[in-house]
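The values are calculated or read from the model by the stated rules, or taken from the named source; none is laboratory data. Given the structure is predicted, the values throughout are model-derived calculations rather than measurements. Methodologically, a virtual Cβ is constructed for each residue, glycine included, from the backbone with ideal geometry; neighbour enumeration extends over all protein chains shown. Note: accessible area is taken over every heavy atom of the protein model, side chains too, but ligands, DNA and RNA are not part of it. Shrake-Rupley method; radii C 1.70, N 1.55, O 1.52, S 1.80 Å.
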Amino acid sequence: MHAAPGVGATGAAQPEQRRARVVLVDDHRMFRAGVQAEIGRTDETGVEVVGEAGDVDQALTVIQATRPDVVLLDVHLPGGGGVEVLRRSASMMAAADAPVRFLALSVSDAAEDVIGVIRGGARGYVTKTITGTDLVNAIFRVADDDAVFSPRLAGFVLDAFASTDAPPVDEDMDRLTQREREVLRLIARGYAYKEIAKQLFISVKTVESHVSAVLRKLQLSNRHELTRWATARRLV
């Protein structure tokens with residue numbers, strides 16, 4: 001970590017502690033509160049949490065208003081997922097002065113999730129098992145435009161970008177739209193249709209239509225088979 005401001009044993013002034021302004025984007029409020037408590041002690045960590053959001057639209061509003069150094073971005077969000085946040089933040093990522101950089105922080109370690117957000121422009125991907133100290137270090141590395149990955153995830157990215165004609169990571173998943181993938185994951189996590197509708201800001205009827213489309217495209221018969229399918233691919 002960067003040295004804290006102060007005076008050393010010799011009496012010489014120490015360099016001022018570096019700061020990183022961060023926005024937290026995750027649809028679980030309690031998780032955001034835990035991250036805030038872990039890394040947001042600015043005097044100790046150098047990280048200042050300047051905003052937070054729980055879905056895609058909120059994220060865009062907060063990021064545009066605060067223009068943080070780094071956005072900690074969950075992959076699975078209501079409103080289109082982390083990839084949609086990245087797509088709509090392209091101009092901020094490309095800004096010549098003070099670009100906004102993204103670090104994915106997710107419970108998922110699925111190859112398709114990792115590759116999706118990296119292709120979208122994120123500078124790194126770490127899982128929620130990361131320690132607070134390592135997360136702070138990752139934030140500062142991404143702020144410096146370095147790439148950061150949890151160890152086993154780096155291989156996914158290397159494999160995916162080894163050649164320009166690399167095949168899709170999962171052809172079955174490629175048949176699904178982004179919204180269908182969101183519904184699939186929530187179904188596999190045990191959410192009821194009404195809960196999914198509330199999470200994604202859509203009607204129950206629309207949820208039912210998405211589930212039917214997913215079952216048809218994956219050639220599955222019911223939500224129990226769908227759950228087993230998703231669990232086998234570590235999508236939950």
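Amide H neighbours of residue 148 under 5 Å, at least 5 residues apart or on other chains, H built in the peptide plane: list them.
Residues meeting the criterion, in which the H sits 1.01 Å from N, are 124, 125.
Just to verify a number: FRET efficiency for residue 87 and residue 172, C-beta to C-beta distance, R0 = 22 Å, to 0.05?
0.45
Applying the Karplus parametrisation 6.51 cos²θ - 1.76 cosθ + 1.60 with θ = phi - 60° to the phi angles of segment 176-189, what ³J(HN,Hα) value in whole Hz is obtained for each residue in order, glycine and proline being reported as x?
Karplus values, whole Hz, x for Gly and Pro: 8, 6, 4, 5, 4, 5, 4, 5, 4, 5, 5, 4, 5, 7.
For residue 205, go through the aspartates and glutamates and keep the ones whose alpha-carbon is under 18 Å away, minus same-chain ones fewer than eight residues off.
Excluding near neighbours in sequence, the set is 180, 182, 195.
Obtain the nm distance between the two label points defined at residue 29 and residue 146 by a simple spin-label model: each point lies 7 Å from its Cα along the Cα-to-C-beta direction.
3.6 nm
Between residue 219 and residue 65, what is the spin-label point distance in nm, taking each point 7 Å from the Cα along the Cα→C-beta axis?
Those two pseudo-labels are separated by 4.9 nm.
What size of dipole, in debye to the nearest 20, comes out for the chain about its Cα centre when the only charges are +1 on Lys and Arg C-beta atoms and -1 on Asp and Glu C-beta atoms?
Approximately 640 debye in magnitude.
Highest first, please rank the peptides 173-184, 189-200, 45-56, 73-84 by the mean number of other Cβ atoms sitting within 10 Å of their residues.
In decreasing order of mean packing, 173-184, 189-200, 45-56, 73-84 become 73-84, 45-56, 173-184, 189-200.
When the solvent-accessible surface of protein heavy atoms is calculated with a 1.4 angstrom probe, in what order do 210, 224, 28 fall, highest first?
Values: 210 40, 224 125, 28 80 Å².
The residues order as 224, 28, 210, largest area first.
Give me a comma-separated list of calculated 3J(HN,Hα) values for segment 58-75, in order, Karplus coefficients 6.51, -1.76, 1.60 applied at θ = phi - 60°, integers in Hz, x for any Gly or Pro.
Values per residue, Gly and Pro as x: 4, 4, 4, 4, 5, 5, 5, 6, 9, 6, x, 6, 9, 10, 8, 10, 6, 7 Hz.
Quick one: net charge around residue 223, please, counting Lys, Arg +1 and Asp, Glu -1 for every other residue with C-beta under 12 Å from its C-beta.
Result for the neighbourhood of residue 223: 0.
Each label point is 7 Å from the Cα along the Cα-to-Cβ direction; what then is the distance between the points at residue 98 and residue 205, in nm?
Rounded to a tenth, the inter-label distance reads 4.7 nm.
Hey, can you grab everything whose amide H is under 5 Å from the amide H of residue 53? Only 5+ residues off in sequence or another chain; H modelled, so Pro and N-termini drop out.
Residues meeting the amide H criterion: 24, 25, 26.
As a test of reading the structure, rank 29, 141, 123 by solvent-accessible area (1.4 Å probe, protein chains only), most first.
From most exposed to least exposed: 29, 141, 123.
Given that just one value was derived from the coordinates, which of (i) 14; (ii) 21; (iii) 27 is percent of Cα pairs over 31 Å apart?
Checked against the structure: label (iii).
Can you give the calculated 222 nm mean residue ellipticity of the chain, where each DSSP H run of n ≥ 4 adds -39,500 (n - 2.57) and the sum is split over every residue, rounded to the nearest 500 deg cm²/dmol?
-13500 deg cm²/dmol
Hey, what's segment 77-137 come to in accessible area per residue, 1.4 Å probe, Å²?
Numbers: 2220 Å² over 61 residues.
On a per-residue basis, 36 Å².
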